[in-house]
1. Ratio of the chain's C-alpha Rg to 2.2 N^0.38 Å, to two decimals?
2. Beyond 12 Å, what share of the Cα-Cα pairs of region 23-70 remains, rounded to the nearest whole percent?
3. In the structure displayed, which of Lys4/Lys98; Lys42/Lys110; Lys27/Lys52 lie more than 24 Å apart, Cα to Cα?
4. Simple spin-label model, 7 Å along Cα-to-Cβ: Asn22 to Ser100 in nm?
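Derivation of every value follows stated rules applied to the coordinates shown; laboratory data play no part. Every value quoted in this text rests on a predicted model; they were computed, and no experiment measured them. Methodologically, a virtual Cβ is constructed for each residue, glycine included, from the backbone with ideal geometry; neighbour enumeration extends over all protein chains shown.
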Amino acid sequence: MEAKAIAKYVKMSPIKLKPVVNLVRGKDLGEALTILKFTPGKGSEIVEKVVKSAAANAENNFSLNPGDLYVAEVYAHQGPTVKRWRAGAKGRASLILKRSSHVGVTLREK
């Protein structure tokens, strides 16, 4: 059995999320939540929220024991990029890219 949770259109670049995601891949649920709680930065808060959501899905939808779960898959993929511009030197426009991400977590039983 496995339980999934996905957060789409997160207003953060996947480059900032991927180091946090790599910390919890393959860890037990309790250990992963502890790592995310004490990791600084906004990226850890987002990933922690998705992991907690997947744990709640496992417990409520599939009647799985949270003590037996581990993080099987976790990813932070590129979402759509919003393009904005800012006035540059000599009347030019410089491009601003506001990137977003899709964060997904899959929990499985040991």
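1. 1.30
2. Counting pairs separated by more than 12 Å, the tail of P(r) holds 59 percent.
3. Working: Lys4/Lys98 27 Å; Lys42/Lys110 29 Å; Lys27/Lys52 14 Å.
Cα-Cα > 24 Å for Lys4/Lys98; Lys42/Lys110; rest within.
4. 2.6 nm
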